[in-house]
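To start, the structure itself, in structure tokens.
The values are calculated or read from the model by the stated rules, or taken from the named source; none is laboratory data. None of these values were measured; they are calculated from a predicted model. Cβ atoms come from the backbone with ideal geometry, glycine included; neighbour counts cover every protein chain shown. Accessible surface areas use protein heavy atoms only, side chains included; no ligands, DNA or RNA. Shrake-Rupley method; radii C 1.70, N 1.55, O 1.52, S 1.80 Å.
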Amino acid sequence: METSNRQRLVVALDGPGSSGKSSVGAAAALEVGYRFCDTGLLYRAVTWLALARNVSASYPHAMRGLVDEVQLAEDAQGRLARVLVDDVDHTEDVHGPAVDAAVSAVSAIPELRSALLGRQRSLVDGGGIIMAGRDIGTVVLPDADLKIFLEASVVERARRRTAERGLDPDSPGAIAILNALRRRDELDSTRAVAPLRAASDARIISTDGNRFEDTVDAVVNAIRDAEARRAAEPEPSGAGA
């Protein structure tokens with residue numbers, strides 16, 4: 001059944017690092033015909049650019065100055081999943097271990113978060129979008145039509161990232177991933193600005209032990225349920241005027 005324009009929702013999808021927000025959100029968006037944006041890409045891109053330019057996080061105004069150089073572009077499926085700087089694609093660069101280690105500290109810079117806030121909000125005009133991040137439902141889009149929080153243990157998330165990188169589960173690299181995720185969880189949940197937490201009205205989806213397809217289905221079902229509720233609501237006064 002085709003979704004009307006009025007039913008097309010703004011969906012906030014949050015969760016800790018490696019909880020599957022990006023992959024699950026992108027797959028769910030494709031299934032329901034929505035756009036998708038992973039806001040973490042913006043923070044990763046600025047972090048990578050700062051490292052490449054030797055700009056220190058101790059200079060927040062300089063960090064903020066990098067924001068306008070970073071652009072998100074659509075991939076082959078229409079998702080805002082590519083990172084461009086000076087028209088050069090740096091998508092793979094922003095997913096490297098150096099960025100993994102530095103992005104949480106960069107993300108905590110208030111001036112940088114403020115600079116990115118308006119850009120993120122401008123992307124939801126017209127609805128029909130899933131926006132993923134760590135503070136979407138609490139800060140970026142507090143009035144989102146639907147808020148979802150993906151929950152997963154740090155051990156499970158480390159296992160997934162280890163598998164993605166083709167590492168032996170008992171290797172030093174795998175142990176480093178687990179320790180890095182624990183450090184990032186601590187930083188993200190205790191930072192003074194926009195700490196990681198589920199919105200009070202978020203729908204919590206636990207993903208431990210789930211197949212990827214199970215979690216995508218859970219998100220899709222949550223969206224379809226919310227669309228159905230919106231469709232059952234009376235038209236706003238003057239909507240047909």
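Points to keep in mind about this one:
- Scanning segment 161-176 for residues that are of a type outside the set (V, I, T) and open to solvent by 50 Å² or more (accessible area, probe 1.4 Å) yields A163, E164, R165, G166, L167, D168, P169, D170, P172, A176.
- Complete set of residues in segment 128-146 that are open to solvent by less than 10 Å² (accessible area, probe 1.4 Å) and farther than 18 Å from R44 by Cα: G128, I129, I130, G137
- For beta carbons closer than 6 Å, sequence separation of 6+ or different chains, a first residue in segment 65-77 that is under 10 Å from V46 (Cα atoms) and a second that is open to solvent by 50 Å² or more (accessible area, probe 1.4 Å), there are no qualifying pairs.
- The number of residues in segment 1-40 that are at pLDDT below 85 and buried (at least 18 other Cβ atoms within 10 Å of the Cβ) comes to 4.
- For segment 202-224, a residue qualifies if it is without any contact (Cβ under 8 Å) to a residue 60 or more places away in the chain and either outside any strand (DSSP E or B) or open to solvent by 80 Å² or more (accessible area, probe 1.4 Å) (or both), and the qualifying residues are R203, I204, D208, G209, N210, R211, E213, D214, D217, A218, N221.
- Of residues in segment 166-201 being outside any helix (DSSP H, G or I) and among the charged types (D, E, K, R), the one nearest to R113 (Cα to Cα): R191
- In segment 83-117, the residues that are closer than 15 Å to L49 by Cβ, open to solvent by 40 Å² or more (accessible area, probe 1.4 Å) and not small (G, A, S): D86, D87, V88, D89, E92, D93, H95
- All of E151, E186, E227, E156 fail the test of being under 19 Å from G17 (Cβ atoms) and touching a residue at least 60 places away in the same chain (Cβ under 8 Å), apart from E151.
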